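J.: Okay, handing you the structure first.
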Amino acid sequence: MTVTEPGTEPVTERVTLAAGASDAEIIAAVEAWLRAHLPEDWQAAVARGDLAAVEAIREDPERGPAWFDLLGDSGLATPTWPVEHGGLGLPADRGAVVTETLARYRAERHNRDFVGLVLAGHTILEWGSPEQKAERLPALRRGREFWCQLFSEPGAGSDLAGLSTRAVQQADGTWLVNGQKVWNSYAHLADFGLLMARTDPSAPKHRGITYFLLDMRTPGVEPRPLKQMTGNAEFNETFLTDVVVPDSARIGPVNQGWSVAITTLMQERNGLSGRPAVGPGEADELVARAVGNGSWEDPVLRDRLLEAYVEEKVLQMTTVRSFVASGDAAPTAEGSIRKLAHSVLAEKLGVLGTDLEADGAVAWDPAEGSEAADRFLAMKTYSIAGGTSEIQRNIIAERVLGLPKDPDPERHLPFNERGRG
Amino acid sequence: MYAEQREPEFGWTDEHRGLRETVRRVLADRAPVARARELAEAGERHDPALWSELAEQVGLQGLALPERYGGFGGTLLDLAIVVEEMGRVLYGGPFLPTVGLAAPVLLAADGGEDGPDGGPAAEYLPRIADGSLTAALAVEAWGPAGEPVVTATADAAGRLTGTAPVVLDGGDADLLVVAARGPDGPAPYLVETGAAGLTRTPLETLDLTRRAARITLDGTPARALGDPGRGAVVLARARAVSSVLVSAEQVGGMTAATDLTAEYARTRRQFGRLIGSFQGVKHRLADMAVRQEMAHSAAYWAAWQEPGTPEFAQAAAIARSYCGDAFLQTGLDAIQLHGGIGFTWEHDAHLYLRRARADRALLGSPQLARAELVPALVPTVPARSTTEGIPA
Ligand SMILES: Cc1cc2nc3c(=O)[nH]c(=O)nc-3n(C[C@H](O)[C@H](O)[C@H](O)COP(=O)(O)OP(=O)(O)OC[C@H]3O[C@@H](n4cnc5c(N)ncnc54)[C@H](O)[C@@H]3O)c2cc1C
């Protein structure tokens, strides 16, 4: 079956998979498709374990996008999306088997597409107008548009609903946006941004926000890369100055943007704990490294490694379980359990990775770099981005265990009367 | 040994749900935690009337035993559900020692459908299924690669001499399965309780809901179990099964302790607020919930693997490592968040902590479980060099 969407000529037939297909059936179907469609040199590179060669094809400006067009039109990039939007209509756990199989051939979408493919994709599927779906989903499926998230602000991080970027509707129906966002990963490279702005300052903070799909090329949108503790500049502060946004870019009703954001945030937490499969992970890599450099002989280090290995495996099992349990349902607060467990584990692995090195990864040959040091420096991402671990603990305590909500004296005050008490 | 599990991991069926509900209902009625405490304080081993009822009316002892031995042919997963429910209410009767520790050895040693009839499995398993026989597993200690360390040695005539220092239910069980050193290495033997040279010395136990004894064998007549030379394999297989069941029991205990504590945090007030509104309390409870979810996944992932496969053995060791540590921490946290009342004899919190510590020692420590992962994880490193000096 093929679908025709405005402006896209499908480059391949859609794969069909039954919602009740077994793991083995899905794997067989996806592998057969990959053998028929994946470029031969790509398949050969996978077969001989030459990941650098695969990466070169994936990042090739011609061949990369050509592959992701094909993957997108086959439906395999978006297995859980509804069939009418180019997906395969599979439940979460079946879709995960598709993605896992792709990953074994390094044929899956780039990690950096997470904000687009997962966050924007599911948010638009749930809240988008028919026009927004028709315009954005095909490009998301194919990876032709790159997305960023414009949520956090200098004054609103954990207390995201306290954001103060303003959007004011003009006489012609367009919105005039002014404000500043911060920590926006890849905003300097993005085509579109998920934007929340305040549209009714006289309402309590959760009830005066509207959500937009912002074209990052609009005049007045100015991302400025910020250098991170890792030394890289992946996130940005984004200035929004008299940005004119058409009302057609609004997603969800006016002043109900917080409900739309919940969809995005749940998907984010759910997606930040690793893929739903039990198999080799980061701990396995560290064990191999330790055996290779002899640090495995240290019994204390060895037990710490095994402890991290056990934790990683158990988290993988938990992720599989939640995918099986959720089926077609949207992610729930339980996603916070896995996100929290993942950030705790990421820190253990980050520190362990440096402990395995004879020199603690404190100095290295500039030509070679140090993967252990890179990972050490990146590990704190997970306990902050996507909601801090403290916020995840609050969510678990309140939504899973039914404990009282944290006091928030400003919750019911009009936004513009906060901070006066 | 157990029936094969066909559904994919975590694909619960209505049968699974129904079983859980039935067991939970029976235990809530007949064996709530208060009853475990009552029996412990009265110095009773268990409630024999309930034991018979579990066998005759609910069919739990034989649930996962083969039909040819009077069982219902259920899976290890079915059994894990039962044991988890028992763990929630701190049921302390002979179920785990008999069905969870001793029966797996009899099953692993059995030749299966094609094996000879009339062996020890055919003799004893039907009596376990109908509730007329209880059994215990006597092992001196577990060694670095998961093999039994034995001081008990079999002589040419099959008579055993040695000691197992702590045997769960060992003073009361009707049959002892003893891991001893035979002519071909470690192997399981059966010892009848009236056998000559057998001394069972009752011990005081940390886990008040369970009894334990020291078993001393002095030229005690015993019967070798299974094929000679396969003993180590049999014991390792059975131990993996037992690890899954002990993990399931730990999940049950952990879940109950977390529920109990969350409930307290939702009702106890200090400083004019519910204590559950303090982040110090909320966040500790959130961590308890994380551990419980993860432990649940570990135990049932293992229960879903096919017994006897390498994946099963690894998953069982992963579960034993994770659940053992997790339950202990949750036991500590449960007492902490109850304050003074949590330190009293009357409160149930310490019963969970006691169980947590005791279960953690049943099949060797979590650290030992991790060491057992090594041979498959790093095949080139000899197991011995990886675990020297690890206490059981
Ligand atoms: C690598 C990285 C990438 C990111 N990418 C993006 C992105 O693409 N788009 C985007 O919009 N944002 C992004 N973020 C921002 C991220 O979501 C926020 O940093 C995060 O939500 C925390 O907000 P904050 O930085 O303002 O810290 P704050 O909210 O000021 O928190 C400071 C400290 O106070 C604690 N705290 C705050 N409130 C509470 C409470 N109620 N109870 C207990 N403790 C509390 C926090 O846990 C934290 O420890 C990124 C962050 C990082 C590190």
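J.: How many residues does segment A:171-201 contain that are in a loop (DSSP other than H, G, I, E, B) and over 10 Å from residue A:245 (Cβ atoms)? Lay out the reasoning, then the answer.
T.: First, the residues of segment A:171-201 that are in a loop (DSSP other than H, G, I, E, B): A:171-174, A:186, A:190-191, A:199-201.
So of that shortlist, the ones also over 10 Å from residue A:245 (Cβ atoms) come out as A:171-173, A:186, A:190-191, A:199-201.
Within segment A:171-201, residues that are in a loop (DSSP other than H, G, I, E, B) and over 10 Å from residue A:245 (Cβ atoms) number 9.
J.: Here's something else I'd like to know. Look at segment B:139-180 and say how many of its residues are aliphatic (A, V, I, L, M), more than 18 Å from the chain's Cα centre (by Cα) and open to solvent by 10 Å² or more (accessible area, probe 1.4 Å).
T.: Just the residues of segment B:139-180 that are aliphatic (A, V, I, L, M), to begin with: B:139, B:141, B:145, B:149-150, B:152, B:154, B:156-157, B:160, B:164, B:166-168, B:173, B:175-180.
Then drop every residue that is not more than 18 Å from the chain's Cα centre (by Cα), which leaves B:145, B:149-150, B:152, B:154, B:156-157, B:160, B:180.
Retained after the next criterion (residues that are open to solvent by 10 Å² or more (accessible area, probe 1.4 Å)): B:145, B:149-150, B:154, B:156-157.
So the count comes out to 6.
J.: Tell me yes or no: at least one residue of segment A:382-399 is closer than 24 Å to residue B:277 by Cβ and away from the ligand (no atom under 14 Å from the Cβ).
T.: To start, the set of residues in segment A:382-399 that are closer than 24 Å to residue B:277 by Cβ comprises A:383, A:387-399.
Subset that is away from the ligand (no atom under 14 Å from the Cβ): A:399.
Checked against the condition, which is being closer than 24 Å to residue B:277 by Cβ and away from the ligand (no atom under 14 Å from the Cβ), segment A:382-399 yields at least one hit.
J.: Now for a separate question. Which is open to solvent by less than 30 Å² (accessible area, probe 1.4 Å), in contact with a Pro (Cβ under 8 Å, 6 or more places away or on another chain), at pLDDT 95 or above and of a type in the set (Ser, Thr, Tyr), of A:165, A:174? Write out each step before concluding.
T.: Working: A:165 fails: in contact with a Pro (Cβ under 8 Å, 6 or more places away or on another chain).
After applying the criteria, what remains is A:174.
J.: When you scan segment A:25-140 for helices (runs of 4 or more DSSP H) that lie fully inside it, which ones turn up with 1 or more residues that are in the same structural domain as residue A:9 (by TED's automatic domain parsing) and polar (S, T, N, Q)?
T.: Numbers: elements: A:40-47, A:51-59, A:63-74, A:92-104, A:121-127.
So the answer is A:40-47, A:63-74, A:92-104.
J.: Considering B:298, B:317, B:303, B:289, which residue is at the interface with chain A (Cβ under 9 Å from one of its Cβ atoms), of a type in the set (A, V, I, L, M, F, W, C) and under 16 Å from residue B:9 (Cβ atoms)?
T.: Working: B:317 fails: under 16 Å from residue B:9 (Cβ atoms); B:303 fails: at the interface with chain A (Cβ under 9 Å from one of its Cβ atoms); B:289 fails: under 16 Å from residue B:9 (Cβ atoms).
Of the residues listed, the single one that is at the interface with chain A (Cβ under 9 Å from one of its Cβ atoms), of a type in the set (A, V, I, L, M, F, W, C) and under 16 Å from residue B:9 (Cβ atoms) is B:298.
J.: Of the residues B:157, B:173, B:180, which is outside any strand (DSSP E or B) and either touching a strand residue (DSSP E or B) at 6+ places or on another chain (Cβ under 7 Å) or polar (S, T, N, Q) (or both)? Even if it seems obvious, please write down each step before you answer.
T.: On the way: B:157 fails: either touching a strand residue (DSSP E or B) at 6+ places or on another chain (Cβ under 7 Å) or polar (S, T, N, Q) (or both); B:180 fails: outside any strand (DSSP E or B).
Within the list B:157, B:173, B:180, the selection yields B:173.
J.: Could you check how many residues of segment A:400-415 are more than 8 Å from every other protein chain (Cβ to nearest Cβ), away from the ligand (no atom under 13 Å from the Cβ) and open to solvent by less than 70 Å² (accessible area, probe 1.4 Å)?
T.: 3
J.: Continuing with this model, one more query. Which one of A:286, A:306, A:301 is modelled with pLDDT of 95 or more, in a helix (DSSP H, G or I) and within 11 Å of chain B (Cβ to nearest Cβ)?
T.: Values: A:286 fails: within 11 Å of chain B (Cβ to nearest Cβ); A:301 fails: within 11 Å of chain B (Cβ to nearest Cβ).
So the residue among A:286, A:306, A:301 that is modelled with pLDDT of 95 or more, in a helix (DSSP H, G or I) and within 11 Å of chain B (Cβ to nearest Cβ) is A:306.
J.: Follow-up. For segment A:303-315, state whether one or more residues are free of Cβ contacts under 8 Å to residues at least 60 places away in the same chain and hydroxyl-bearing (Ser, Thr, Tyr). Can you show your working first?
T.: Going through segment A:303-315, the residues free of Cβ contacts under 8 Å to residues at least 60 places away in the same chain turn out to be A:303-315.
Narrowing further to those that are hydroxyl-bearing (Ser, Thr, Tyr): A:309.
For segment A:303-315, residues free of Cβ contacts under 8 Å to residues at least 60 places away in the same chain and hydroxyl-bearing (Ser, Thr, Tyr): present.
J.: Note down all Cβ pairs under 8 Å where the first residue falls in segment A:377-391 and is within 17 Å of residue A:350 (Cα to Cα), the second is within 7 Å of the ligand (Cβ to nearest atom), and they're at least six residues apart or on different chains.
T.: A:383/A:389; A:385/A:183; A:385/A:185
J.: Of everything in segment A:180-213, what is within 14 Å of the ligand (Cβ to nearest atom) and surrounded by fewer than 22 Cβ atoms within 10 Å (Cβ to Cβ)? Give them in sequence order.
T.: Once the filter is applied, which keeps residues that are within 14 Å of the ligand (Cβ to nearest atom) and surrounded by fewer than 22 Cβ atoms within 10 Å (Cβ to Cβ), segment A:180-213 yields A:180, A:182, A:183, A:185, A:186, A:188, A:189.
J.: A further question on this structure: Only residues in segment B:223-246 that are within 23 Å of residue B:360 (Cα to Cα) count as the first member; pair them with residues that are β-branched (Val, Ile, Thr), Cβ under 6 angstrom, at least 6 apart or cross-chain, and list the lot.
T.: Going by the 6 Å Cβ cut-off, the qualifying pairs are B:238/B:105; B:245/B:83.
J.: Under 6 Å between Cβ atoms, at least 6 apart or on separate chains: pull out the pairs that start in segment B:271-295 with a residue that is free of Cβ contacts under 8 Å to residues at least 40 places away in the same chain and end on any residue that is within 16 Å of the ligand (Cβ to nearest atom) and assigned to a helix (DSSP H, G or I).
T.: B:282/A:397; B:283/A:393; B:286/A:393; B:286/A:396; B:286/A:397; B:289/A:396; B:290/A:340
J.: Condition (residue is near the ligand (Cβ under 10 Å from one of its atoms), farther than 20 Å from residue A:260 by Cα and open to solvent by 50 Å² or more (accessible area, probe 1.4 Å)) applied to segment A:144-153: is it met by at least one residue?
T.: For segment A:144-153, residues near the ligand (Cβ under 10 Å from one of its atoms), farther than 20 Å from residue A:260 by Cα and open to solvent by 50 Å² or more (accessible area, probe 1.4 Å): absent.
J.: Restricting to segment A:266-295, give me the number of residues that are open to solvent by less than 40 Å² (accessible area, probe 1.4 Å) and under 19 Å from residue B:311 (Cβ atoms).
T.: Qualifying residue count for the region: 7.
Okay, residues lined up against (1) more than 20 Å from the chain's Cα centre (by Cα); (2) open to solvent by 60 Å² or more (accessible area, probe 1.4 Å):
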residue: A:320; (1), (2): no, no
residue: A:339; (1), (2): no, no
residue: A:348; (1), (2): yes, yes
residue: A:360; (1), (2): yes, no
residue: A:364; (1), (2): yes, yes
residue: A:379; (1), (2): no, no
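J.: Now for a separate question. Considering only helices (runs of 4 or more DSSP H) fully contained in segment B:34-138, which possess at least 2 residues that are under 20 Å from residue B:209 (Cα atoms)? Break it down stepwise before answering.
T.: Working: elements: B:48-53, B:76-88, B:103-109, B:120-129.
Correct list: B:48-53, B:76-88.
J.: Looking for whichever is within 14 Å of another protein chain (Cβ to nearest Cβ) and either farther than 21 Å from residue A:274 by Cα or small (Gly, Ala, Ser) (or both) here; the options are A:353, A:369, A:387. Which one fits?
T.: Working: A:353 fails: within 14 Å of another protein chain (Cβ to nearest Cβ); A:369 fails: within 14 Å of another protein chain (Cβ to nearest Cβ).
None of the others qualify; the one that does is A:387.
J.: If you go through segment B:378-390 one residue at a time, do you hit one that is modelled with pLDDT of 80 or more and open to solvent by less than 60 Å² (accessible area, probe 1.4 Å)?
T.: Yes; the residues of segment B:378-390 include at least one that is modelled with pLDDT of 80 or more and open to solvent by less than 60 Å² (accessible area, probe 1.4 Å).
The values are calculated or read from the model by the stated rules, or taken from the named source; none is laboratory data. Small disclaimer: the values here were computed from a predicted structure and weren't measured. As a convention, Cβ positions derive from the backbone with ideal geometry for all residues, glycine included, and neighbour counts pool all protein chains shown. In case anyone asks, the SASA skips ligands and DNA or RNA and just uses the protein heavy atoms, side chains included. Shrake-Rupley method; radii C 1.70, N 1.55, O 1.52, S 1.80 Å.
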